[in-house]
Each structure stands twice: as structure tokens, then as C-alpha cells.
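The structure appears below as C-alpha cells.
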Amino acid sequence: MRRPDWLPARPLRWLEPGPRVLDWSLAAAVAFILATGFYSLVAGVPAQAWVFDLHAIAGIGLVVLLVFKLRRVAPRVTPDRLTGPRVLSLSLAVVTAAALATGLWWVLGGSVSIGPWGLLNLHIGVGLVVPVVLLLHLRHRFHDPRDVPSRDRRTALQYAGIAGIAALTWRSQRVLNDVLDTAGADRRFTGSREVGTDEGNAFPPTSWMADDPDPIDSNEWALSVTGRVANPATFGVDDLELDDPEGADERRAVLDCTSGWYSEHDWQGVAVAELLAAVDPDDAARWVQFRSVTGYRWSLPVSEAEDALLATHVDGDPLTHGHGAPMRLVAPGRRGLQWVKWVDEVRLSRRREIGESVAIFVSGFEE
């Protein structure tokens, strides 16, 4: 059957940027996806839901750009023409497709278990490989940005069209999940699914990176409160009355883990505000850092820390070791990686520690 004259050979050709614009668009899309992906790890309140939407829309837009790229280079990919740069191009396509596929599978309710890793962890891990391969690829295919044709109305319309298709696709999957009532329909704005709410220690005992200390003897454990305070102090189990959840402070809060699950509980323990009042912070104190026995640490502004809790119990049950016993941070509105476990020191400071972001990746390895 003969193709009608009015039907273009490639229906979406009008969306396809020029070669150099396309290459830089791919690089920009990967950078944007990485930036929004990293930010999403610490976005814990509904007002930050936009970052998850932008991350997903950018990912779908990258699919469109990748299709254009592959269609352009496909005629040159033959066994006798497989040079190093072209192998890198194919590798980039494969890892990008894997990252996008695992993300889509997660959104549609899929799951997988690879040892301690779940599907969302796999998505993040594969996604982190993409920029590495991209940088290697750019070593061979780098184009000076000054050589890229200047932006014009056509380019703007192309980007608007790609963004529109991506946004519509992202919205459509939500409708599809609701209609089919898949596991992907029942999730928070972060994408996490409910596990073990109000069931004590029944939620998963996941840990960040290599944090896996030996069980801690509560009789030998102590909590130090140091830094910019007038009265540094150390508290033992008896001082904090950790064995009695009835008289403890309580917070109702959602633990939303970056592994892809969330769990809501009543947490009992010691209000951080009470600890701070006992040591009399000086006027220069701006940050409160919570430190684990593993070296892991995270800081909160003083005003936010005063609403936090150092929990010893969950739903009236003593925390298990895997959940941070004897004491873990409960920080409402923060993601799970910021809820420091096995806390043994609270430190007040004027400035946030520069090395904190590095410490969370190396903590636990020295044990």
C-alpha cells in the first residue's frame, strides 16, 4: 500500500533537534535527571512533590531524545564499523534504557529483590552508571557549545512538544494505575508504598550504605550532648528513663524510606527540645547534628530539631537493633536516610559540617 503524499516518512520528525543540539540536549537531560533524582532523596513533604514529577517527565523526555539519537546512528552501527566511540554510544543507550525501564516498572507497581536491594534501589544504581558512560562518550563526541546553532522559534517548539508528550505520558500512567488498581496506584507522592503501619517493628530494617553495627548493650550506651552549649552533658539509660514508653514524649510521623516504602507510627522517646533545654545552647548555635555509633550523621536547623524526637520505642514496643536501638532520630517531614539510627551524640554548631555529605557514604566501612 502506497504511503499518502501528505504523511511524512517520520511522523515525529518535526520534533527532532539538529545533531549537535540533540547531543547537548541528551547531556542536559541526564544532568537534570541526576539533579532532581538526588534532590528527591531528601524531599519528604508534599510541597516538594514537584521534584518527583519533573524527574519522571525528564526521564520520559530522555526516551524521546534517545529514540531520535538511535535512529540517527543506527545505519552506521554495523559489525565492520563498531569503533570504540560507537560501542560507548550503544552502551549509553543500554544503561539509559535500563534506568528508564526500572523506573517505569516501579511506577507501574513492579517489584524485585536482589539481596538487600529492591527495584527502586536498582533504578538508582543503574541511573548512576549513566553519567559515567556519558562522560566517557563525550570524550569522543564532544562538541563546543559555541558551535551549536543558536536557539530559534523552531527549537523552542521542539522542546515544548517533547515536554508536552512526556508530561502527558506521565499523567496517563497515573490514570492507568488507578483504572487497573495496580500496586503503583497506592503510593505516596514520593512513589513509596505502605508497609507495616502501626505494627511496631514490622517495617523493613533497611540501612544506608554500609551501616551495620553490632547490637548495642544499652547498659553501656550513653548519649552525649556537646558543641555550642553552656552545659555539655552525658545521659545514660537511667537518666533518660528509656524503659518506660508510657511517660515518654510521643510523635506521630511517617518514615519514608528511599528504598521505596513508607510506614506511619507513634514513636516514643525523648524530645530533642528537652535535651537542648538541659544543656543551654548559646546564641550562635544554628544546627543540631545527630551522630551514629557508625559515624553516620545528619544535621537539622535548631528550629526544626526542636520538633524532632529521639525514639526508643515504636507503637509502644522497644525498638529492635535493626531499627536503631537504643535510640534513633525521628524527624517528621524528612526522608528515611535522614532519620539517623544508633544515635550516641547530639552536637550543636554554628555552621553545618562540610564533611557531613561525605560521611554518610563512608560510615560503617571502617568497622
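Could you provide, to the nearest whole Å², the per residue accessible area of segment 245-303 with probe 1.4 Å?
On the way: 2180 Å² over 59 residues.
Counting only protein heavy atoms, the per-residue value for segment 245-303 is 37 Å².
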Estimated dipole of segment 249-300 in Debye, rounded to 20 [Cβ of Lys and Arg +1, of Asp and Glu -1, Cα centre] = 300 debye
Once all Cα-Cα distances of segment 244-325 are split into 5 Å bins that start at 0, what whole-number percent is in each one?
-> 3, 13, 19, 24, 23, 12, 5, 1
Over segment 313-367, what is the relative contact order in whole percent, taking alpha-carbon pairs under 8 Å and six or more residues apart?
-> 23 percent
Amide H contacts under 5 Å for T258, restricted to residues at least 5 apart in sequence or on another chain and with H modeled in the peptide plane, are G336, L337
Rg(Cα)/(2.2 N^0.38 Å) for segment 20-70, N = residue count | 1.25
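When only DSSP loop residues count, what trypsin sites (Lys or Arg not before Pro) in segment 234-302 have their Cβ near at most 16 other Cβ atoms within 10 Å?
Values: sites: R251, R252, R286, R291, R297; in loops: R286.
Answer by residue number: R286.
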Please turn the phi angles of segment 227-240 into ³J(HN,Hα) values with the Karplus equation 6.51 cos²θ - 1.76 cosθ + 1.60 (θ = phi - 60°), one per residue in order, whole Hz, x for glycine and proline.
-> x, 7, 9, 7, 10, x, 9, 10, 10, x, 4, 5, 4, 9
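Roll a 1.4 angstrom probe over the protein heavy atoms and tell me the percent of accessible area of segment 203-355 that is carbon or sulfur.
Values: 2830 of 6530 Å².
C and S fraction of accessible area: 43 percent.
Sequence gap at least 6, Cα distance under 8 Å: using those rules, report the relative contact order of segment 219-366 to the nearest whole percent. Write out the running numbers ahead of the final one.
Values: 316 pairs, mean separation 43.1, N = 148.
29 percent.
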Residues whose built amide H sits under 5 Å from the amide H of D249, excluding neighbours closer than 5 in sequence, are G269, A271
Residues meeting the amide H criterion for R228 (H placed from the backbone, H to H distance under 5 Å, 5 or more places apart or on another chain) are L348, S349
Taking the mean number of other Cβ atoms within 10 Å as a proxy for protection, how do you rank 49-58, 15-24 from highest to lowest?
-> 49-58, 15-24
Calculated from backbone phi, Karplus (6.51, -1.76, 1.60) coupling profile of segment 63-70 in Hz, x at Gly/Pro | 4, 4, 4, 5, 4, 4, 5, 5
For segment 14-97, dividing by residue count, accessible area per residue (probe 1.4 Å) in Å² works out to 47 Å²
Tell me, what is the FRET efficiency for A284 and F361 to the nearest 0.05, using R0 = 30 angstrom and their Cβ-Cβ distance as r?
-> 0.55
Karplus-derived 3J(HN,Hα), 6.51/-1.76/1.60, for each residue of segment 124-138, Hz, glycine and proline x | 5, x, 5, x, 6, 6, 4, x, 5, 5, 4, 5, 5, 5, 5
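Provide the FRET efficiency to the nearest 0.05 for the W24-A210 pair, computing r from the beta carbons and using R0 = 35 Å.
Numbers: r = 37 Å, r/R0 = 1.06.
With R0 = 35 Å, the Cβ-Cβ based efficiency is 0.40.
The values are calculated or read from the model by the stated rules, or taken from the named source; none is laboratory data. Everything numeric here is computed off the predicted structure, so don't read it as measured data. Heads up, the Cβs are rebuilt from the backbone with ideal geometry, glycines too, and the neighbour counts pull from every protein chain shown. What goes into the accessible areas is simple: the full protein's heavy atoms, side chains included, and nothing from ligands, DNA or RNA. Shrake-Rupley method; radii C 1.70, N 1.55, O 1.52, S 1.80 Å.
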